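One structure is given here, and the rest of the page talks about it.
Just so you know, all these numbers are worked out from the coordinates, no wet-lab data involved. None of the values given here were measured: they were computed from a predicted structure. Here the Cβ positions follow ideal geometry from the backbone for every residue, glycine too, while neighbour counts run over all protein chains shown.
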Amino acid sequence: IKKGLTVSQMRGFAKDVKKSGILLQGDFVIGLSGENAKTLQMTRKFIYDVKPEILQVSVGAPYPGTEFYDWVKNHGYLTVDDPVHYLDKEGHQTSVISYPGLSNIEIAEAVDKIKYKRERHFYFTIIFLVFLIIIIFSAVFIYLRRDIERKENILKSYYSEIESDDYSERNLENNSSLENGSNSEDNVNYENVNEINLGDSSCFSNSSYENLIKVYICGSVKDPDVYEMEDGERVVDLLEKAGGPTDEACLDVVNLAQILIDGQRIYIPSNEEITSGNTLFFSSNDYLDNNSLEAVVININHATCQELKSLPGIGEVTAKNIIDYREKYGLFTKEEDLKNVKGIGEKKYETIKDMITI
């Protein structure tokens, strides 16, 4: 094929066509005069460089009456004489030219490699895109699923705390009615008390009596959330499960050895909050170091004997009475219930009421 074009001209034309937004079609004939292994490699590189959107590759066909036919015929490169044999049984064009160092079989294989290699690239691209879409959808699904589970855990913890409060109120009412119905402590029927408190197993359906508890940790931690913990584990175990503290966390005021309680909220303050004296969000935490902050509020539902003794007018005997009252009647439902404890009257309660919480 003699058109007088150079390779550089064809590269420039392909570049201009693509820049203008027109689809580029490339037609290539393999096996013309002068074809060899080196020219085949050059043709493949040219196709890869210009990247035509439409590609057609065929073998050279020397039809009688053409200059190409006379040339291959005179040089003995034609493998068949009858043009009918230019096609195979399926009607596909075959290579009928065999050069020294480049047989007709090699020419046919070169055509197939050029055509199907491009198709393989297309299919690989499609497979990669499908795989990428699957990964994206999977990541979105996992993220949404974890978000739903986190919200479910928060709701479960919230309703578990409500059930715990209801149980405490019922238990306190039952025991109060028993005390009011007797003239002295010696006349109380303890068998009935045990029957009321222990006989009904439904009273102990709260998760605080099981091996697993749920605690909410927030503040300066890496993964604030509601976590299931083993009964008896401590704040340091929960902090580790939550990914550990952030760089801004102030652990000096946190009692990491505090035993966790079902339904408890653990707040890890930041250094800025401690420095500014802002204890609004963690003033009810019973695991703060009383020597680290001024005006720390004591949680009477979870405070230890030592922490209760830090309140003015509360000695060791009264502190033990508060703990015995909690163990007997359940957690306090309001601060005023503290006046039901032996040793705490109206005057003493007025003194400490601003220093306690539930």
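See the values below:
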read-out: Under Karplus coefficients 6.51, -1.76 and 1.60, residue-wise ³J(HN,Hα) of the range 342-350 in Hz, glycine/proline x; value: 4, x, 10, x, 4, 5, 5, 5, 4
read-out: R234 long-range amide H proximity, modeled H, under 5 Å; value: L260
read-out: Spacing of the two label points (7 Å from each Cα toward its C-beta) at W71 and T333, in nm; value: 10.6
read-out: Extension gain (nm, one decimal) between N271 and A257, 0.36 nm per residue minus Cα-Cα; value: 3.0 nm
read-out: Least to most buried among T125, T357 (fewest other Cβ within 10 Å first); value: T125, T357
read-out: Spin-label model distance (nm) - R146 vs K45, 7 Å beyond Cα toward Cβ; value: 4.9
read-out: Whether the range 15-67 is rounded, prolate or oblate, judged on the alpha carbon gyration tensor where a/c under 1.5 counts as rounded; value: oblate
read-out: Relative contact order (percent, whole number), the range 24-136, Cα cutoff 8 Å, 6+ residue spacing; value: 27
read-out: Cβ-based exposure ranking for L308, L78, in which fewest neighbours within 10 Å come first; value: L78, L308
read-out: Rg and Dmax of the range 26-103, Cα atoms only, in Å; value: 13.6, 38
read-out: Amide H within-cut-off set for I356, under 5 Å, with H built and near neighbours excluded; value: I298
read-out: Sorted by Cβ neighbour density within 10 Å, fewest at the top, the residues R44, R11; value: R11, R44
read-out: Two-site FRET efficiency, D81 against S20, from Cβ-Cβ distance with R₀ of 56 Å, rounded to 0.05; value: 0.75
read-out: Under-5 Å amide H pairs with V254, H placed in peptide plane, nonlocal only; value: D289
read-out: Gyration tensor (alpha-carbon) shape descriptor, the range 20-159, a/c threshold 1.5; value: prolate
